[in-house]
1. Just to confirm my filter: which helices (runs of 4 or more DSSP H) fall fully inside the stretch 1-91 and include at least 1 residues that are modelled with pLDDT under 85 and surrounded by 11 or more Cβ atoms within 10 Å (Cβ to Cβ)?
2. Among the residues of the stretch 102-151, count how many are crowded, with 17+ Cβ neighbours inside 10 Å and in a helix (DSSP H, G or I).
Amino acid sequence: MLASDARGPGGDVVGGDLLEHGRGRPGPAAGGYAEQWQAGRTVESRTAEKTTAILRTHVPPRWEEVPLSRIDHLGVQAWVAELAERRSPATVTAAFRVLAMILDTAVRARLLPVNPCDGVRLPRVRTDAAVMRTIARDDFHTHLLPAVPDQ
């Protein structure tokens, strides 16, 4: 399939080069492409560490051997739902964002006509889980501070 034959999210034709899977080959596996993607990033060291942790624990178990051209919207949505059963909404969102960035790069490299992450529904982060309370300075000094163990 030619990228110029592919339709984008708004029905617009996405122009460009031949896609790998259009030549009868499935294209690179997501795991190998993710390694290339990360090696080419220029980010702060803490960001790189977080991304490495996500890539090690959340993205590869599902996508490592899957060719980029075989990742579809329904598969990504199912992966998000599966992760949400055992991980917090914040963790699911972080893992999803890493996958979405990888696939955005694949779109820019003309390996995919569109990003299958577009439009995926993420679990809601519960905002009522931690209610902030303000305490008076006297209460802090008389009740909370004495309860803090000495180091």
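1. It comes to 30-39, 45-57, 60-63.
2. Residues that pass the stated criteria total 5.
The values are calculated or read from the model by the stated rules, or taken from the named source; none is laboratory data. What you see is a predicted model, and the numbers here were worked out from it, not measured in a lab. We place every Cβ from the backbone using ideal geometry, glycine too, and count neighbours over all the protein chains shown.
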